[in-house]
Structure formats: C-alpha cells, structure tokens
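This report refers to the structure that appears directly beneath it.
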C-alpha cells in the first residue's frame, strides 16, 4: 500500500511561514515611501533650486577682497556652495592650476570655465591656454562661450550670421568634445546674446555637447517674452544664472529678490523640467564676493518661500 504525504496549505508549512514572513517584511518596506512621502503633481522630483545645485559665478575679478585660489575655495566651502563657474582675467592665467587644486582640496567642483572668442579661435592664445589647462588636468567641465562680433558682421544676412558663428563654435566644440567637455553659448547682449539667434546656431551645429547658459543679468530686455522662448531653449539649457530685474530698467540689474520680474521667471524655471545648474553672481568688483553671494542666497530663499518651493528651502 502506497503511503502519500499529506499536502499542507502553503502558509501552515514551515516553508510557507518563512515565505509569509518575508512577504510581510517586503510589503512593509515597500509601503514606507508611499505612506510617508507624497509629491505635488506639478513638483519636480529633483529640486533645481536646492542649495547643492548652486554654482558661484562672477567672483574672481568681481571681488573687493581680491581673494586668491585658496581663500576663494575656503570661502565657498564656508558658504556651503559646492560648485564654481570660473571667470578670469589675464592676471589669473598663472594660477589656473592653483585654482583647481584649491577647489579639489575643499571639495568644490569646477562647474564651468569662461571663454571668449572671435572668428579665428585657432589663432587665439588664450583659448589654447584654457584647453591646455583642461587637458593636463583631465577636467570635465562646461565652457561658457561668449562670441564677439567682428568687423563687417553686422552687414551680413541672418543666414550668413548664423553660418559665420557656426564655424568658430564648431572648432571650439570639437576641441571640447575631445576632452569630454560641453560648450554653453553665453548671452551677453548684441546679436549673439539673443536666445533665438543662439538657438539657430545650436540647431545648425546639431552637436550633442553644445547648448547654452542663460543669464538673467544680461537679459534685461528679455523678461516680457521669457515665457515664449524659455520652452524652446529648455532642451539645450546647460546652466542658468539668476539676478534681480525690474520692468522698464534696462541699464542695470539688481540682487535676486530685489527686482519685480525675476520671481515669475524663477517660478517658470521651477515648474519646468530644467535640471541644470543654477548660478548665483556677485558681479560687483567693489563688493566682497562673500557678501554678494550671501545676499543672492537670501534673495533666492525669499523668492522660494513666496512661490512655495518648500523642498528647496529645506536644503538651506
């Protein structure tokens, strides 16, 4: 006579009890984020205005205390700022390497490096020195590129202007790509400073490592149409520098939070899918860069409170 083992229900056997226990543990831990954390539907997962996403900009020549690399890196560390976009003058060239070493010492990332060019970048010794610095230090960074307009440029047609700018930028972009770096077109007034023109250049180039950095402080005539062009430049935006702007004032800019139009622009950025760096600036050679950055942070916090970005505020 064949004896058959009586089958037990899954959860009454020893094996089943173990399965039930593990199932219970998994269910509890899986439920924790859902039970204790809920995002607003229109709120991005990553807070673009969080403090750890801020980069200091315009604090090298724009600093009444004339800090050197070590002092500057320590100042950023004391402020809790972990990124630097490096603007420079000829006098700073000998200390390029010292700057990077000091940043590394204090855990500050070299987020971007300022570059200016005309229509023959291959003959520009300053551009050569920047690329030599990047190559020997194996730095992966963004190049914030301002293109100057040369004699006769203003007489060209729109198509020819785009083509004339495309050629030198393509040269710089190729050099940057070989070093695993990006190039961000920098608005600073003039034809090249118009976002629509930069967008035409970018589309004509069609290069993955070329985008733009948009600057509020060089956009005093843009705020009325910001909501129109911002969605168009958004897919190409690597960085965005904020400042205070006042309606009707075109000859100067203000501290973030002291204008009357930047709050709405910042709100639009917050509600968008933008995830790049946010730059805060001093841009006043007669003011202590530390004070300038503190004022910018305070102004930004004021705006974040007003627009309701509580998650970003919690990082300060």
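Between 0 and 90 degrees, rounded to the nearest ten: what's the tilt of helix 195-205 against the longest Cα principal axis of the chain? With rounding to tens, the tilt is 80 degrees. Between residue 160 and residue 285, the simple spin-label model (points 7 angstrom out along Cα→Cβ) gives 3.6 nm. Considering only 223, 236, 159, give the residue with the highest GNM mean-square fluctuation for the chain, with springs between Cα atoms whenever their separation is below 10 Å. So, out of 223, 236, 159, the one fluctuating most is 159.
Just subtract the alpha-carbon distance of residue 90 and residue 124 from 0.36 nm times their residue separation and send over the number in nm, one decimal. Mind dumping the intermediate values first?
Values: separation 34, 0.36 × 34 = 12.24 nm, distance 1.31 nm.
Using 0.36 nm per residue and subtracting the Cα-Cα distance, I get 10.9 nm.
Based on the Cβ-Cβ distance of residue 70 and residue 316, what FRET efficiency does E = 1/(1 + (r/R0)^6) give at R0 = 22 Å, to the nearest 0.05? Intermediate results must be reported in sequence, preceding the final value.
On the way: r = 26 Å, r/R0 = 1.17.
That pair, residue 70 with residue 316, gives E of 0.30.
The simple spin-label model puts a point 7 Å past each Cα toward its Cβ; for residue 273 and residue 52 those points are separated by 2.4 nm. Model label points for residue 229 and residue 116, set 7 angstrom from Cα along the Cα-to-Cβ axis, are 2.2 nm apart. Beyond 20 Å, what percent of the Cα pairs of region 235-316 remain? Taking all Cα-Cα pairs of region 235-316, the fraction more than 20 Å apart is 34 percent. Considering only 53, 203, 215, the mean-square fluctuation computed in a Gaussian network model of the chain, springs between alpha carbons under 10 angstrom, is largest for 203. Only DSSP H runs of four or more residues enter the estimate; each adds -39500 (n - 2.57), and after division by the residues of the chain the mean residue ellipticity at 222 nm equals -13000 deg cm²/dmol.
Compared with the dominant Cα axis of the chain, that is its longest principal axis, helix 69-79 is turned about 50°.
Panel values: region 50-107, Kirkwood radius from alpha carbon pairs, Stokes-Einstein at 20 °C and 1.002 mPa s, translational diffusion coefficient 186 µm²/s.
Within the listed set 126, 86, 214, the residue fluctuating most in the Gaussian network model of the chain (springs between alpha-carbon atoms under 10 angstrom) is 126. Report the residues of region 229-254 in range of a label on residue 306: point 7 Å along Cα→C-beta, backbone N strictly under 12 Å from it. Backbone N within reach: 244-247.
Using the Cα coordinates of region 74-133, the gyration tensor eigenvalues translate into equivalent-ellipsoid semi-axes of 26, 11, 9 Å, sorted from longest to shortest. Round to a whole angstrom and tell me the spacing of the C-alpha centers of region 227-261 and region 101-142. With region 227-261 and region 101-142 each reduced to a Cα centre, they are spaced 26 Å. Once the Cα atoms are used to define both axes, helix 14-36 deviates from the longest principal axis of the chain by about 30 degrees.
Rule-based calculations on the coordinates, nothing more; no lab input. Note that the structure is a prediction, hence the values are computed from the model and not measured. When we count neighbours, we look across all protein chains shown, and the Cβ atoms used for this are built from the backbone with ideal geometry, even at glycine.
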